Amino acid sequence: LAASLVLAGCGKMGGALLDGWLSRGMSADDVAVVEPGVESREAAARRLGHGVHAGPEELPADVKPGVVVFAVKPQVMDQVAPAYRRFVAPDAVFLSIAAGKTIAYFTERLGGEAAIVRAMPNTPAAVGRGITVACPNARAGAAHVRRCQELLEAVGEVLWTDDESQLDAVTAVSGSGPAYVFLLAECLAEAGAAAGLPVEMARRLARATVAGAGELLHRAPEEPEVLRRNVTSPGGTTAAALSILMAPDGLRPLLAKAVQAAARRSRELAG
Ligand SMILES: NC(=O)c1ccc[n+]([C@@H]2O[C@H](COP(=O)([O-])OP(=O)(O)OC[C@H]3O[C@@H](n4cnc5c(N)ncnc54)[C@H](OP(=O)(O)O)[C@@H]3O)[C@@H](O)[C@H]2O)c1
């Protein structure tokens, strides 16, 4: 049986998607992977139990994929996308997760007939806990959207928008967001060491606190603000710290500025 899905690029994010699909019961025979990197190619071949192609020209002539997933770096997309134009068909959809590559960019390279979904996932996809926002073009019908939803759901939650311009802010919030949280863990560890803890202990406390608070946030139905209030007694230690973090020059305006900078950069990169 010819593969019904072609995955172009099987690095960190492509690999996470592949793991998600296979663990959800997709048959390895349904997936053809194109990946020039030797290590990533060998890792993908081990997962699949069959060969991985070094380039799209190696794909069998009878492959008529229902989905082509682009998971290569934006910098190489100029070489990658046009090579898949031959797969444009009424029931085929192109799903790109490349940051900053717009629907117009793909339309230019794949032609006006191509059904395209542009999506922005984030790194917790590697543990099945990502969140993705996806945007379809006018050619992408309900069946295409459903298919992409299933594929993206394999690594976490999925939201949809018809307004592609929102993807810059999405990139700035959830795409880049995990890095802000990692920085929080770094800063908390450093502050703990400065407050007198052994460095290793401070690191463990910071890591477990960020991860544990994240898990609570994941499981609890309450808004983060409610969870925060629940652990803040008036006049207590948490309140003392929050009076600094919530000062007019505290975390709120800083994060707003950071998110604006990321959104601006995302718009610049998209050209
Ligand atoms: N990681 C994230 O959190 C995240 C979040 C949102 C969106 N994304 C998007 O996801 C995409 C992939 O990111 P990543 O972090 O997974 O990068 P990555 O680990 O570098 O994966 C990209 C893979 O594509 C391979 N590749 C290069 N040229 C290729 C070609 N011509 N055909 C097929 N495969 C090719 C690379 O191989 P080599 O190693 O040999 O170059 C690499 O294994 C990017 O466009 C990024 O914007 C990533």
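The values are calculated or read from the model by the stated rules, or taken from the named source; none is laboratory data. Source: prediction; values computed, not measured. All Cβ positions, glycine included, derive from the backbone under ideal geometry; neighbour counts span all protein chains shown. We work out accessible area using only protein heavy atoms, side chains counted, and drop any ligands, DNA or RNA first. Shrake-Rupley method; radii C 1.70, N 1.55, O 1.52, S 1.80 Å.
Remarks
- Whole-angstrom gap from region 76-106 to region 47-62, using each part's C-alpha centre: 18
- When the Gaussian network model of the chain links Cα atoms closer than 10 Å, the mean-square fluctuations of 150, 108, 200 top out at 200.
- Cβ-defined net charge surrounding residue 227, 13 Å radius [Lys, Arg +1; Asp, Glu -1]: -1
- Average projection, convex hull of the Cα set of region 172-271: 7.9 square nanometres.
- If you plug the beta carbon distance of residue 30 and residue 61 into 1/(1 + (r/R0)^6) with R0 = 22 Å, you get a FRET efficiency near 0.80.
- Here the contact order of the chain, divided by its residue count and restricted to Cα pairs under 8 Å and six or more residues apart, works out to 14 percent.
- Cα-derived Rg over Rh, computed across the chain with Rh taken as Kirkwood radius: 1.04
- Selected from 238, 107, 123 as most flexible by GNM, with the chain as the system and alpha-carbon contacts under 10 Å: 238
- Of all accessible heavy-atom area on the chain, the percent that carbon and sulfur account for (1.4 Å): 59
- Secondary-structure-derived ellipticity at 222 nm for the chain, considering helices only, amounts to -14500 deg cm²/dmol, per-run term -39500 (n - 2.57) for DSSP H runs with n ≥ 4.
- For the chain, the solvent-accessible area works out to 56 Å² per residue, with a probe of 1.4 Å and every protein chain left in place.
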